[in-house]
Amino acid sequence: MEKLRQPSLLRIQILGGLWVLMLLVLLFSLLQTGVDVNILLASHFVRMTYLNALVLSALMAAYIVIQHNNWLRFPFAALTLFFGAFALLPYLVIRDLMHLRDQKPAPPR
């Protein structure tokens, strides 16, 4: 677990895999059930789940803006407000890739 605390290729692969898995689940669920906008009116459970997703997206957007200092934080914070983890996971992957790129040792002279 210590390997996952610092940016690494393993962490990038895990986050990227989670993002692809989320997209596949969304695609298959939409293909199977379709989009029903009336479900928010019919089900209290769905309304509360949707509200929880909105609150968590707002918290993650605030975390990105407050805790990180690269230029990517503002566009991805805005995208996280609207798309949730669909924007958060790519941000984390790009941030780790940028960090790993900056850590590479310079070639010897």
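Taking the Cβ of Ile64 as the centre, find all other residues whose Cβ is under 11 Å away and add up their charges (Lys, Arg: +1; Asp, Glu: -1). Provide the component values of the computation, followed by the final result.
Details: positive: Arg73, Arg95; negative: none.
With Lys, Arg at +1 and Asp, Glu at -1, the neighbours total +2.
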How would you order 90-100, 19-29 from highest to lowest mean count of nearby Cβ atoms within 10 Å? 90-100, 19-29
Give the separation of the Cα centroids, region 15-29 to region 38-109, in Å. 15 Å
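Given only helices, namely DSSP H runs of n ≥ 4 each adding -39500 (n - 2.57), what is the per-residue ellipticity at 222 nm of the chain, to the nearest 500 deg cm²/dmol?
Numbers: 5 runs with 83 residues, N = 109.
Helices in the chain give a 222 nm mean residue ellipticity of -25500 deg cm²/dmol.
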Kindly provide log₁₀ I(q)/I(0) values, in the same order as q = 0.11, 0.12 Å⁻¹, from the Debye equation applied to equal alpha-carbon scatterers of the chain. -0.47, -0.55
What are the membrane-span-like helices in the chain by this rule: whole DSSP H runs, Cα extent along the axis at least 20 Å, mean Kyte-Doolittle hydropathy at least -1.0? 9-33, 44-67, 85-103
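With 11 Å as the cut-off, how large is the P(r) tail for region 4-46, expressed as percent of Cα-Cα pairs?
Values: 652 of 903 pairs.
Summing the P(r) of region 4-46 above 11 Å gives 72 percent of all pairs.
Every number in this text was worked out from the coordinates using simple rules, so none of it is lab data. Quick caveat: nothing in here was measured; it's all calculated off a predicted structure. Positions of Cβ are generated from backbone atoms using ideal geometry, with glycine treated the same way; all protein chains shown enter the neighbour counts.
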